1. Specify which of the listed residues (B:99, B:89) is touching a residue at least 12 places away in the same chain (Cβ under 8 Å) and either more than 7 Å from every other protein chain (Cβ to nearest Cβ) or part of a helix (DSSP H, G or I) (or both).
2. Check residue B:71 against each of (1) more than 7 Å from every other protein chain (Cβ to nearest Cβ); (2) modelled with pLDDT of 90 or more and name the one condition it does not meet.
3. Within the stretch B:21-39, can one find any residue that is farther than 30 Å from residue C:117 by Cβ, modelled with pLDDT of 85 or more and in the same structural domain as residue B:169 (by TED's automatic domain parsing)?
4. Would you mention how many residues in the stretch C:232-264 are touching a Lys or Arg at 6+ places or on another chain (Cβ under 7 Å) and in contact (Cβ under 8 Å) with a residue 40 or more places away in the chain?
5. Looking at A:188, A:237, A:233, A:244, which one is facing chain B (nearest Cβ under 9 Å) and in contact with a His (Cβ under 8 Å, 6 or more places away or on another chain)?
6. Residue under question is residue A:164, and the condition is that it be surrounded by 24 or more Cβ atoms within 10 Å (Cβ to Cβ), not aromatic (Phe, Trp, Tyr) and not assigned by TED's automatic domain parsing to the domain that holds residue A:98; does it hold?
Amino acid sequence: MNVTVTQLTNEFLDSYARVGGINHLDGKNLPSKREIAVITVDLLRLLFPGYFAEEVMHLSQVKTETATLIESVLVRLEGQIRRSLEYVPPPGAKKKDLPGLARQWTLEFLASLPNVRDLLCTDVEAAYNGDPAALSKEEVILAYPFVEAIAVQRLAHELHRKQVALLPRIMTEWAHSRSGLDLHPGARIGTHFFVDHCTGTVVGETTDIGSHVKLYQGVGLVARSLAGGQALRGQKRHPTLEDRVTIYAGATIMGGDTVIGAGSTVGANVFLTHSVPANSLVISEDAKVKVMPKTDRNVPILDFQI
Amino acid sequence: MNVTVTQLTNEFLDSYARVGGINHLDGKNLPSKREIAVITVDLLRLLFPGYFAEEVMHLSQVKTETATLIESVLVRLEGQIRRSLEYVPPPGAKKKDLPGLARQWTLEFLASLPNVRDLLCTDVEAAYNGDPAALSKEEVILAYPFVEAIAVQRLAHELHRKQVALLPRIMTEWAHSRSGLDLHPGARIGTHFFVDHCTGTVVGETTDIGSHVKLYQGVGLVARSLAGGQALRGQKRHPTLEDRVTIYAGATIMGGDTVIGAGSTVGANVFLTHSVPANSLVISEDAKVKVMPKTDRNVPILDFQI
Amino acid sequence: MNVTVTQLTNEFLDSYARVGGINHLDGKNLPSKREIAVITVDLLRLLFPGYFAEEVMHLSQVKTETATLIESVLVRLEGQIRRSLEYVPPPGAKKKDLPGLARQWTLEFLASLPNVRDLLCTDVEAAYNGDPAALSKEEVILAYPFVEAIAVQRLAHELHRKQVALLPRIMTEWAHSRSGLDLHPGARIGTHFFVDHCTGTVVGETTDIGSHVKLYQGVGLVARSLAGGQALRGQKRHPTLEDRVTIYAGATIMGGDTVIGAGSTVGANVFLTHSVPANSLVISEDAKVKVMPKTDRNVPILDFQI
């Protein structure tokens, strides 16, 4: 085979011309994943001052450093929000108004961060109180993947509420990649939330979560996959969890009209597709596991040993 | 305890001399994980031009930029493929032929990328059509961890088919780390594939997957763990999924002769170790969950509350 | 909305003053996550010399390079250990003794690494022997996320045993983020350990694991979540796995007095909350899955199709 770089290049160009939908060469500027990752880290520094920098920040510096960081984030975030709005304009917005709207929403977003901080304090408290392995709230903030993931979701949720497209999801997927916890920006989450261990837990777009809710790893709050796909966009498809619900590892709760009543506990690996009243304990029939000696000749799946 | 750096160094050197198998000091050059990660990102830029760079790429630049990128990838990828071939020579190859073979396979690999692009377009389409939360195909490409993971698997699969050792697995494990989705380079995957949420899903080496297959998070397509281990190498050990199969979160399908018939749906958390015919619905007995009021004195595992 | 950067800054400062517990402005220097990540990579280079550098290391260089690396790690690790000890002093230690203690423990830690290497050799061997997809031990070390995760846990465990706070958990959460495998530094793990695929598996703080134990993805070795939370700190809350136990994907084993007897096998998706004797095979009742044709009118959850 004797192909040259020129031949290879031509084959790629043919492919780019032939198959649409996965390249973006002369369209509008899409938001930049890399830039959004950098901005997200800076937002985390604003939320947890002194935790993510190499050296401790003293109170004498904090005013100057905070102002500098806000100013820097403001310009860059406004740019990414403007790209998002130009790509998917909000309903009713005119093209010429988009730059002004991007400026206004960026300011409103930054002004909402102190409230986001208040919410995050309740999450850190819930993580600390709920996990005997936690030594201090400082350890929770520094080491627990949950804190970064919920902080990013609460930030992205503010932008999602304003109907900023693309950007919020890029933010939460950045956090998802780092923690294994997939919190959709659309999910509404109350105070004192905690997900222990994080990996594999999924909270879908239209999930409603009350306060003092605790999830473990591998929990799915998911939609039924009906015929329809895109036709279902915008409908409530994911479950509602009322206050003080606990869901153990690997449980899957499905459906938009599934409501887990306040104070209920759902056991590990349960697959639940209907509502349960307040203060329920939901376990799987398979809580009755079969335990057999391997020497028993009737062991059903003998090939299933090591 | 008063050890010096010299003493510590000598203890390490003793250990390196004593325990073989985990150091590699005077062997052949192994492929470099870091270099392979950089090459993989460049291959993604060739597959999705304009998506991963900071600024939009215009049609007037695309020819020059594509040629430059191909030339740069060609040299570096050839080096890593040569290292892989020298470490594990393909059956029947002579040592003196390996550099030429590395050159030829690298060119063939790059020439196959337009076909890989065609396949990936069907995956992006499947993701968009299958997920009501997806706003646009652009959002799918930019934000969905699945797109990067399947792109890397389809790239690695081309190299795996040619019996390039080490390199393909290093590529897919790079993607696994970022998405939580573990797609072995050996798996054969048809068109219009989609894995929603990704985290925890495992597709083993000898899995066969038809077209229009949809998986959710935490799905395992895995081998029985028989006595044997290395003795089973190369055998078909993982399941076959025919066209239009859907597998919900947390289901585990096991075994090389397990075939899920076309059009079948497997419910969440099912553990399935045998074949099912076309158009089956497979659910767990535990779809009948027990729901009990916590106030009931007969609740079996009362210590299992928060 | 017309807020200025000055106004925004003041709102942030008010928030920092009002809500305590998540900022750290004039406290002691916390350990640095970023610095700990860099040190951890250098420790991995000491454990697997020649594997993580770009070019092969020759035996003539190894003495000089090892000494240089040990010296560099020693200084930086001592700094992070001192910060950890100053933040949470070990029981009975006086403040003035902490710098000396940090020096001593760092030296002891480095002196223990050859033993850690011996243990890791058994893990690499278990991974290679247990996985027919593994081509060579070199591939296992280079590509398998498990090797990095268990290496970091065994390092962190040495520091955890000495009651160094914060630092060990920051190390294991760095590895957790990369592999999806959450191994607490406190867990005691015997020789020849292997976790295949890794993503979503959780091994809690007080878990005891024997030798030749094999886990798959999504396995939880977890605590009961009793009322109490912080009150349970330090108690044995996680299971004990005796020698030669295998646990399949998605199984959850719960409770500090739950002992899985030697040689037992636990099937996929089992939820087990009590002990089983040696050589047990534990499967879920849901090994009896229901398989129904979708055309059957009595299929119970018809809306659960795609």
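The values are calculated or read from the model by the stated rules, or taken from the named source; none is laboratory data. Just so it is clear, the structure is predicted and the values come from calculations on it, not from any experiment. In this analysis, Cβ positions are derived from the backbone assuming ideal geometry, glycine residues included, and neighbour counts consider all displayed protein chains.
1. Details: B:89 fails: touching a residue at least 12 places away in the same chain (Cβ under 8 Å).
On inspection, the qualifying residue turns out to be B:99.
2. Just one mismatch for residue B:71, condition (1).
3. Yes, the conditions are met somewhere in the stretch B:21-39.
4. 2
5. A:244
6. For residue A:164, the condition - surrounded by 24 or more Cβ atoms within 10 Å (Cβ to Cβ), not aromatic (Phe, Trp, Tyr) and not assigned by TED's automatic domain parsing to the domain that holds residue A:98 - is not met.
For (1) at pLDDT 90 or above; (2) within 23 Å of the chain's Cα centre (by Cα), each residue gets a yes or a no:
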site: B:247; (1), (2): yes, yes
site: B:259; (1), (2): yes, yes
site: B:263; (1), (2): yes, no
site: B:268; (1), (2): no, yes
site: B:272; (1), (2): no, yes
site: B:279; (1), (2): no, no
site: B:285; (1), (2): no, no
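Conditions (1) in a helix (DSSP H, G or I); (2) facing chain B (nearest Cβ under 10 Å); (3) crowded, with 23+ Cβ neighbours inside 10 Å, marked per residue:
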position: C:104; (1), (2), (3): yes, yes, no
position: C:111; (1), (2), (3): yes, yes, no
position: C:125; (1), (2), (3): yes, yes, no
position: C:128; (1), (2), (3): yes, yes, no
position: C:142; (1), (2), (3): yes, yes, yes
position: C:152; (1), (2), (3): yes, no, yes
position: C:155; (1), (2), (3): yes, no, yes
position: C:158; (1), (2), (3): yes, no, no
